[in-house]
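Written below as structure tokens is the structure these notes are about.
The values are calculated or read from the model by the stated rules, or taken from the named source; none is laboratory data. Please read all numbers here as calculations on a predicted model, not as lab measurements. Please note: Cβ atoms are built from the backbone with ideal geometry, for glycine as well, and neighbour counts cover all protein chains shown.
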Amino acid sequence: MTVFLVIIVLALLAVTGWQISKIFQLSQGSDADTSQIANDKDNRINGILMLAFVIFLYVISIFCFWEYGRFYLPEAASEHGSQYDTLMFVSIALIMVVQVITQGLLHFFAYKYKGEKTKKALFYADNDKLEFIWTIIPVIVLAGLIIYGLFTWSDIMNVSEEDDPMIVELYAYQFDWRARYAGEDNTLGKANVRFIEGVNQLGVDESDSYAMDDKVVTELHLPVNKPVLFKFRSQDVLHSAYFPFFRAQMNVVPGMITQFGFTPTITSEEMRESEYMVDKMRSVNEERKERNKELMAQGEPTLDPYEFEYFLLCNKICGQAHYNMQMKIVVESEEDFNKWLEEQPTFGSTIESKKKDSKPANENNESQESDAVAVADNKQN
């Protein structure tokens, strides 16, 4: 109802302004210029406004880069991240150079060649030299940028088997993630969504011997400076595995396996103690303190202090709870990682526990059935 009233008020204000402009026109003298055709004064005003706008555009751009550059992510936490950032900054620099030159010329010419009664426009039918210049320069620049990007992309995507990367599967479903580590054989067992049943949430093939030492977890741990090759699967819809601090992203497509690899270079603790992140945590916690005062006054639960963690996010709008589809990532020393991984149960032990838990239940059912038969026989006798 409030929104509806606001719309009515805005509409009434618009009608009022339009009526006032009509009254202003009627109040002008008979010698006033009421022609709809622009005169020299109109052209001069518009020329000045064009110059003022481009100056405003440059000022606001400089301000945004200066003021909001702090919201850009800190240094990349992966080995290939520096290449990714360099490619992006080169692209931004080229775009900004072209934007500054073309916008400046556009608005300057709009002012310099503004319409005047004493001036006559000079008509060019064509100019082969100019057309060649503004065609060949973008072609050369874009070709160089594309080739540079292809080499960078190829270098990032081609994970060498000589590096002996650790194999990890990331399984996406509405609205959560699961990670599956290959065991000591570093080979993931086969899997298919048709095998999903009970504790087997990822559809791992129980008949595959390679699957028995796999480990399924809800939190992703990675050893620092160790190459990791991720295999992505989706149970339902299209998802996108997004690692912002590692400068990595890959679509997770139902019915197929996609992959992406990188080497983490900064542990969670090191990133947490970096100057950028310390400043960010302090800023966020100050805002949370102010917010907690309001929540306490309203009798609502307060917010916990913010502490940085890496997260795996979904970058596709995959449903209503898409915003909550994330998994914590812990980058740690290889020693700590190995210790954590040893504590995780294998897929084979999980299945074995399931069978043991279900066996007594079956035996009890059989015992109950035999007792029922015996009671029935006694009644008949």
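General remarks:
- None of M296, M281 is modelled with pLDDT of 90 or more, within 30 Å of V224 (Cα to Cα) and not in a loop (DSSP other than H, G, I, E, B) except M281.
- Flag if G255 is of a type in the set (G, A, S), within 22 Å of Y171 (Cα to Cα) and surrounded by fewer than 12 Cβ atoms within 10 Å (Cβ to Cβ): yes
- Against the test of being touching a residue at least 24 places away in the same chain (Cβ under 8 Å), assigned to a loop (DSSP other than H, G, I, E, B), within 29 Å of K339 (Cα to Cα) and not acidic (D, E), the options V168, V159 yield a single qualifying residue, V159.
- Hey, K120 exposed (fewer than 10 other Cβ atoms within 10 Å of the Cβ) and in a helix (DSSP H, G or I) or not: no
- Checked against (1) in contact with a Leu (Cβ under 8 Å, 6 or more places away or on another chain); (2) closer than 19 Å to H221 by Cα; (3) outside any helix (DSSP H, G or I), F337 meets all criteria but (3).
- Single residue of region 299-321 satisfying the filter (modelled with pLDDT of 90 or more and buried (at least 16 other Cβ atoms within 10 Å of the Cβ)) that is farthest from E184 (Cα to Cα): K316
- Selection status of K129, exposed (fewer than 12 other Cβ atoms within 10 Å of the Cβ), in a loop (DSSP other than H, G, I, E, B) and not acidic (D, E): no
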